[in-house]
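K.L.:
Attaching a single structure in structure tokens format; questions to follow.
The values are calculated or read from the model by the stated rules, or taken from the named source; none is laboratory data. Since the structure is predicted, the reported quantities are computational estimates derived from the model, not experimental observations. Don't worry about glycine lacking a Cβ; one is built from the backbone with ideal geometry, like all the others, and counts go over all protein chains shown.
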Amino acid sequence: MKKIVIFIALLLPFLYLLWSVQSANDPIKYIFTCTGQSAIVILMISLSLAPIKKIINLLKYRRMIGLFACFYALLHFLNFYILDAQLDFSFVVKETLDKPFVYLGMISFVILFFMALTSTKKLFAKFNKWHKLVYVVLVLVVIHASMAQKVLSSLEYSFIFIAIILLGYRSFLLRQKFLQK
Ligand code: HEM
């Protein structure tokens, strides 16, 4: 029951995007915003499950939540490749190499996609160490989202603030582990 409620909640930004995109002035920019913000928020939710587990334990849904973050990042990438670049691969390569914020996004997407592919039980056992790269993704996407703006708004400041808390929690755990050795 809980799983289906979380699944529907995670699908809501996509349904909202389908419903609202026709009325957008600049649909490509609108899709970038909706999919990018959904991906980053859901990624942050997936990373918040460990710190809040004593209040509410949703850790068993972490894989599904992480896969949704990757799903929105994939839509974000497809918007770039299909609608923005019009399937012109050389444009994608040029933009990626020319604009630092685009290659930060690309690196993040490649890592997220790799994590999604290796998130099955069997592959996770083999690749779980690599999944710690999610913290690199967190840093890169926050920089990416901030660099995409001319002026930072309270949303980007919130992303930066939440990322610092999540990284702080992670380094606290690492320190404790180190002290116990
Ligand atoms: C696949 C590689 C990626 C490419 C090519 C890419 C490209 C872009 C572009 C061109 C923009 C600017 C859109 C505009 O305002 O005109 C943008 C913004 C953004 N991207 Fe990405 N991105 C990528 C990966 C990611 C990932 C993995 C995330 C999050 C997990 C992400 C989150 C965001 C966010 C939050 C924004 C700001 C949206 C806004 O507030 O308007 N991007 N991206």
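K.L.:
Taking residue 168 as the residue in question, decide whether it is surrounded by 17 or more Cβ atoms within 10 Å (Cβ to Cβ) and either at pLDDT 95 or above or over 18 Å from residue 71 (Cα atoms) (or both).
P.N.:
No, not satisfied.
K.L.:
Taking the stretch 83-117 only, how many residues are surrounded by 15 or more Cβ atoms within 10 Å (Cβ to Cβ), hydroxyl-bearing (Ser, Thr, Tyr) and more than 16 Å from the chain's Cα centre (by Cα)?
P.N.:
1
K.L.:
How about the stretch 76-103: which of its residues are at pLDDT below 95 and among the polar types (S, T, N, Q)?
P.N.:
Within the stretch 76-103, 96 is the sole residue that qualifies.
K.L.:
Are any residues in the stretch 29-55 exposed (fewer than 14 other Cβ atoms within 10 Å of the Cβ) and within 20 Å of residue 82 (Cβ to Cβ), and if so, which ones?
P.N.:
29
K.L.:
Hey, residue 14 hits all of (1) outside any helix (DSSP H, G or I); (2) under 27 Å from residue 118 (Cβ atoms); (3) at pLDDT 95 or above but one; which does it fall short on?
P.N.:
(1)
K.L.:
I'd like to verify a number: residues in the stretch 68-82 that are within 11 Å of the ligand (Cβ to nearest atom) and surrounded by fewer than 18 Cβ atoms within 10 Å (Cβ to Cβ), how many?
P.N.:
Qualifying residue count for the region: 3.
K.L.:
Is it fair to say residue 137 is assigned to a helix (DSSP H, G or I) and touching a residue at least 40 places away in the same chain (Cβ under 8 Å)?
P.N.:
Spelling it out, residue 137 is indeed assigned to a helix (DSSP H, G or I) and touching a residue at least 40 places away in the same chain (Cβ under 8 Å).
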